[in-house]
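The values are calculated or read from the model by the stated rules, or taken from the named source; none is laboratory data. Predicted model only: the values in this text are computed from it and were never measured. Here the Cβ positions follow ideal geometry from the backbone for every residue, glycine too, while neighbour counts run over all protein chains shown.
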């Protein structure tokens, strides 16, 4: 636990020193939200119909955009090697890194999502569903994205490959996430959707750290 | 301490070592020498468990490395040719993190170690604004804090000035004196006060 907190602190400090890393996913998310009505149609009924899907797709792509860098810096300056020759648990370290990634991507996205929802004329009763679905869904995106990031960290151009690897895993989260928001906006119960998102999160929380740790070992050792 | 048996390693269809054996005893300095590309770094990475591209056995205290990985990593300190120093953290923050990773480092004396490597007064400067030699010193400051018996150092003297190299040599001598051992690669003529260095020439090991 002490090591987990130390690792989390270090990662957050690094992010704090490179503020671009926080702003990038958020700016991307906001830009999609601002440009979409301009490009398609500013009609409120149309926008409120597509709001759930567009906001979730934008959030998913914003996560995907930032997940590539989760291990890259550490790989390039040799920190990752030091992490692998440490007697401390790699699983704990990996969890701390994923949590810090989620805090700067998914968590921030969930917080600013009502603002975007307002631009899309999402009915007010859908707001809790939007925030809750993002809070439950985006940690899964970070966990699964980190598997891809771990596998491609040794490659010079991993950016495209990571999307190919990770996008299929993201699809269930997208379907249930957008479904939650749609149901919430129509005033239907959302507990079932949230339970599914929660189940996916628990499953990936149990399995992904092992996959990420193994992926990092493969990337460094081969 | 560390024993390598029948190591075979091939890279890009070129055999680096075949049937290579090496034993590293307590209180011994082993210097790996060889041309560029002769596999010095590869050998050290294999010894650290950072490469799987080999066949053969590596034994730590007589037991296969895979079985005693955790104990081995507690007893081993590795300084790679990438120093593992974060540019956006200060020297002190970098050392704090290295301590979290490596339990064998002495927690109390970060300030002392930074003074020893000549970075006194630079503790609060982000490492990216230090010179290459100073960044190297941040990575090497770990040596002053370490109680690990085995040091594996890949080109530790790169970018260091003459005085810095002398200090590190004295430090290695002190480590050997305490019964530790060191494996290192360097192109520098190593002069460890009061110790003989055992050279291993990889050019002679390789199969032509």
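Of all residues in the stretch B:82-118, those that are in a loop (DSSP other than H, G, I, E, B), surrounded by fewer than 16 Cβ atoms within 10 Å (Cβ to Cβ) and more than 7 Å from every other protein chain (Cβ to nearest Cβ) total 1.
Take the conditions within 14 Å of chain A (Cβ to nearest Cβ), in contact with a helix residue (DSSP H, G or I) (Cβ under 7 Å, 6 or more places away or on another chain), more than 30 Å from residue A:15 (Cα to Cα) and surrounded by fewer than 19 Cβ atoms within 10 Å (Cβ to Cβ) and apply them to residue B:11. Does it pass? Spelling it out, residue B:11 is indeed within 14 Å of chain A (Cβ to nearest Cβ), in contact with a helix residue (DSSP H, G or I) (Cβ under 7 Å, 6 or more places away or on another chain), more than 30 Å from residue A:15 (Cα to Cα) and surrounded by fewer than 19 Cβ atoms within 10 Å (Cβ to Cβ). Residue A:75 falls short on exactly one of the conditions (1) crowded, with 18+ Cβ neighbours inside 10 Å; (2) more than 14 Å from every other protein chain (Cβ to nearest Cβ); (3) touching a residue at least 60 places away in the same chain (Cβ under 8 Å), and that condition is (2). Would you say residue B:18 is more than 14 Å from chain A (Cβ to nearest Cβ), in contact (Cβ under 8 Å) with a residue 40 or more places away in the chain and touching a strand residue (DSSP E or B) at 6+ places or on another chain (Cβ under 8 Å)? Yes. Of the residues making up the stretch B:47-72, those that are at the interface with another protein chain (Cβ under 8 Å from one of its Cβ atoms) and either touching a residue at least 24 places away in the same chain (Cβ under 8 Å) or under 25 Å from residue B:18 (Cβ atoms) (or both) are B:48, B:49, B:50, B:51, B:52, B:53. Take the stretch B:94-113 and flag every residue that is out of contact with any helix residue (DSSP H, G or I) (no Cβ under 7 Å at 6 or more places or on another chain) and free of Cβ contacts under 8 Å to residues at least 12 places away in the same chain. Matches in the stretch B:94-113: B:108 only. Scanning the stretch A:121-131 for residues that are without any contact (Cβ under 8 Å) to a residue 24 or more places away in the chain and either exposed (fewer than 15 other Cβ atoms within 10 Å of the Cβ) or in a loop (DSSP other than H, G, I, E, B) (or both) yields a single hit, A:124.
Tell me yes or no: at least one residue of the stretch A:47-58 is in contact with a strand residue (DSSP E or B) (Cβ under 8 Å, 6 or more places away or on another chain) and free of Cβ contacts under 8 Å to residues at least 12 places away in the same chain.
Just the residues of the stretch A:47-58 that are in contact with a strand residue (DSSP E or B) (Cβ under 8 Å, 6 or more places away or on another chain), to begin with: none.
Looking for residues that are in contact with a strand residue (DSSP E or B) (Cβ under 8 Å, 6 or more places away or on another chain) and free of Cβ contacts under 8 Å to residues at least 12 places away in the same chain, one finds none in the stretch A:47-58, hence no.
For the stretch B:3-62, a tally of residues being under 25 Å from residue B:192 (Cβ atoms) and assigned to a loop (DSSP other than H, G, I, E, B) returns 11. Scanning the stretch A:47-71 for residues that are at pLDDT 90 or above and within 14 Å of another protein chain (Cβ to nearest Cβ) returns a single hit, A:71.
Scan A:134, A:174, A:143 and give me the residue that is crowded, with 24+ Cβ neighbours inside 10 Å, closer than 24 Å to residue A:31 by Cβ, touching a helix residue (DSSP H, G or I) at 6+ places or on another chain (Cβ under 9 Å) and at pLDDT 95 or above.
A:134
Look at (1) at the interface with chain A (Cβ under 9 Å from one of its Cβ atoms); (2) surrounded by fewer than 17 Cβ atoms within 10 Å (Cβ to Cβ) and you find that residue B:78 fails only one, number (2).
For the structure I just gave you, tell me whether residue A:85 is under 21 Å from the mean Cα position of the chain (by Cα), crowded, with 19+ Cβ neighbours inside 10 Å and within 14 Å of chain B (Cβ to nearest Cβ). So residue A:85 does not fit the description; no.
When residue A:18 is tested against the conditions (1) at pLDDT below 90; (2) away from every other protein chain (no Cβ under 12 Å), the lone failure is (2).
Screening A:151, A:216 for residues that are more than 30 Å from residue A:114 (Cβ to Cβ), within 14 Å of chain B (Cβ to nearest Cβ) and either at pLDDT 95 or above or surrounded by 21 or more Cβ atoms within 10 Å (Cβ to Cβ) (or both) leaves exactly one candidate, A:216. Criterion applied to B:150, B:160 was being without any contact (Cβ under 8 Å) to a residue 60 or more places away in the chain and buried (at least 20 other Cβ atoms within 10 Å of the Cβ), and the one residue passing it is B:160. Between A:6, A:96, the distinction of being at pLDDT 90 or above, under 30 Å from residue B:98 (Cβ atoms) and within 10 Å of chain B (Cβ to nearest Cβ) belongs to A:6 only.
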